[in-house]
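Inspection log for the structure reproduced underneath, given as structure tokens.
The values are calculated or read from the model by the stated rules, or taken from the named source; none is laboratory data. All of these numbers come straight from a predicted model, not from anything done at the bench. Here the Cβ positions follow ideal geometry from the backbone for every residue, glycine too, while neighbour counts run over all protein chains shown. The accessibility values were calculated without ligands, DNA or RNA, using every heavy atom of the protein model including side chains. Shrake-Rupley method; radii C 1.70, N 1.55, O 1.52, S 1.80 Å.
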Amino acid sequence: MFERMAYYGIASNLVLYLNDKLHEGTVSSSNNVTNWVGTVWLTPILGAYIADAYLGRYRTFIIASAIYLIGMSMLSFTVSLSSLRPPTCSPPQSADCNSHATPFQVGIFYCSLYIIAVGTGGTKPNISTMGADQFDDYEPNERAQKLSFFNWWMFSIFFGTLFANTLIIYIQDNVGWGVGYGIPTFGLLISILVCLVGTPYYRHKVPSGSPLTTIARVLVAAISKWRVPLPNDFKELNELDVEYYAKNGRLRIDHTPSLRFLDKASVKRGANAPWMLCSVTQVEETKQMMKMLPVLVVTIIPSVMIAQINTLFIKQGTTLNRSMGSHFQIPPASLTAFVTIFMLISIVLYDRFFVPAVKKYTNNPRGITLLRRMGIGLIIHVIIIATASITERYKLKIVREHGLDPFGKFAQLPLSIFILLPQFALMGVADTFLEVAKLEFFYDQAPVGMKNLGTSYFTTSLGIGNFLSSILLKTVSDITKRDGHKGWIEDNLNDSHLDYYYGFFVILSVVTFSCLLLFPSLIPTTLEPWRLILRHGKTMRHCK
């Protein structure tokens, strides 16, 4: 909770800091946020590699946490010192503000941000995997608990997010950015100390070698022997003894008929060097990681939408009436608190009521399959972005009735900020279905020795989604401004056409859901532990 409070304490309100304090425009500030967030979610690939190949999950997490803390501390000092930020404009949100940050001020700020990105690269893929590692798949009680682990994992981290999206953001907007960043930094320090205290009680997994190297060897060997015919009997393929895998704490995987081209890597022909001959288990591990790629692709567009929430959706809030009473104004970034609140509520309802009710009919301990859970989340995403488009269209109708403020990028309209509530609330419900299922799917389907890499697929989809968000935002902005036309995305949001932009995303979301319906034949068919037990249990009863 404390670690996610630290991250979201920055990410949730970063676009407004760049706009108000560093005086960046709508497109540039939005893209700088999504580029940073994209980096945060892509660096876990490197963190997973280091953990699997060299240091192990625990050591990687602790070292990365220290780097994370250094970056947070630097950022807190950067926003606290007036010499490290440009002078304030008057009025603060004036469209003709000419105060710009110096290269040094911009450099030290972004240096702090990207040090944080490096730190999160070692924490995000390892901490959730470490948590799942504490459950033994071969112990019935722990196996049953593990099926709920990722639900409650997401519940815990979003509880920290809720604190960031309410109190921390309020402090940043009304007390000061130094205090607003200092509290999450102190929270991160507490989280590291708590993790260190628990060290003697953890189940520690030793490094099992780089999964990326294994995958690379299989691909190189298969391509090198692409002309070599496969044997009629697949027992002739190269495989190591069961004792070898037991000694190294790994599982031997039987041959499967899918992606048969990769089987050429284990054909005994010519040189037996590691890059020319692989075991069946190595080939099957590579197959499992490649079979998950369609799901990774399908989840990219929803990740783009999450990026849009952290930028455009929040900036929409600055143009609306945020007053509650005569003295309190809701910080725009606090709208994301509704995402968190509805996710916390829906996770509890899903785990405690939906799953027990449905699993009686499906015989699935999870209630429904992970792919169906993701599909429901994708449908909700279509509804969300359609709602956002309709809301923005209504807002523009109010703009036409009241006229535009010639000075303000964020001229407030006589329209309550709570008009945005439905799309934020639905996003929380969508996350319960899509994001939780996505994390559990990538962990569950990854081979035992590649769990960190599997978890990094989850973060990779978010990282690519953020970078794609930047590309789409810039591209759409440039294309719609050609030939003297008014662009869809202007610095003055009251003079933009975000309704068209969101309509474009409705089309992308529908295409994404359609792809999920077409991909089942490519999805992994790995038997989960509970399925193995059910299958063998039925066999034993039949024999009796």
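Observations on the model:
- Cα centre as origin, Lys/Arg/Asp/Glu Cβ charges: the range 105-264 dipole, Debye: 420
- In this structure, the pairs whose alpha-carbon distance is over 29 Å, taken from K395/K486; K124/K264; K247/K359; K124/K359; K205/K438, are K124/K264; K247/K359; K124/K359.
- Euclidean distance of C-alpha centroids, the range 127-206 and the range 229-306, integer Å: 34
- Protein-only accessible surface order, largest first, of R203, R366 at 1.4 Å: R203, R366
- If the segment from I383 to K268 were pulled out straight at 0.36 nm per residue, it would be longer than the present Cα-Cα gap by 36.1 nm.
- Hz values of 3J(HN,Hα) by residue in the range 159-168 - Karplus curve (6.51, -1.76, 1.60), Gly and Pro given as x: 5, x, 4, 4, 4, 5, 7, 10, 5, 5
- Accessible surface calculations at 1.4 Å, restricted to protein heavy atoms, place the range 160-216 at 48 Å² per residue.
- Pair I345, S416: separation of 7 Å Cα→Cβ label points (nm): 1.5
- Solvent-accessible surface ranking, highest first, for E24, E440 at 1.4 angstrom: E24, E440
- Taking the protein heavy atoms of the range 52-206 in the context of the full set of protein chains, the accessible area attributed to carbon and sulfur is 69 percent at 1.4 Å.
- Too-long pairs where the Cα-Cα distance tops 18 Å, listed order kept, from K235/K291; K360/K451; K291/K451: K235/K291; K360/K451
- Sorted on the mean count of surrounding Cβ atoms within 10 Å across their residues, most packed first, peptides 9-18, 41-50, 289-298, 233-242 read 9-18, 41-50, 289-298, 233-242.
- ³J(HN,Hα), Karplus 6.51/-1.76/1.60, whole Hz, each residue of the range 275-290, x for Gly, Pro: 8, 10, 9, 10, 7, 4, 4, 4, 5, 5, 4, 5, 4, 4, 5, 6
- The calculated FRET efficiency for R393 paired with F135, based on their beta-carbon distance and R0 = 56 Å, is about 0.70.
- W488 - accessible surface, heavy atoms, 1.4 Å probe, Å² rounded to 10: 70
- Of the accessible area of the range 1-43, computed with a 1.4 Å probe over protein heavy atoms only, carbon and sulfur atoms account for 59 percent.
- Among I67, L81, S128 the positive-end extreme of the charge dipole of the range 23-177 (Cβ point charges): L81
- A simple spin-label model places the labels of L371 and K481 4.4 nm from each other, with each point 7 Å out along Cα-to-Cβ.
- Given charges at beta-carbon only (K, R positive; D, E negative), |dipole| of the range 333-475 in Debye: 240
- The residues packed around W41, meaning those with a beta-carbon under 13 Å from its beta-carbon, carry a net charge of +1 if Lys and Arg are +1 and Asp and Glu are -1.
- Residues in the range 108-116 carry Karplus couplings, in order, of 5, 5, 6, 4, 4, 4, 7, 5, 4 Hz; the curve used is 6.51 cos²θ - 1.76 cosθ + 1.60 with θ = phi - 60°, and Gly or Pro positions show x.
- Note on F353 and I70: the model spin-label points, each 7 Å out from Cα along the C-beta direction, lie 4.9 nm apart.
- Close amide H pairs (under 5 Å, H built 1.01 Å from N) link L320 with L413, residues at least 5 positions away or on another chain.
- Sulfur and carbon atoms: percent of accessible area, the range 425-477 [1.4 Å]: 79
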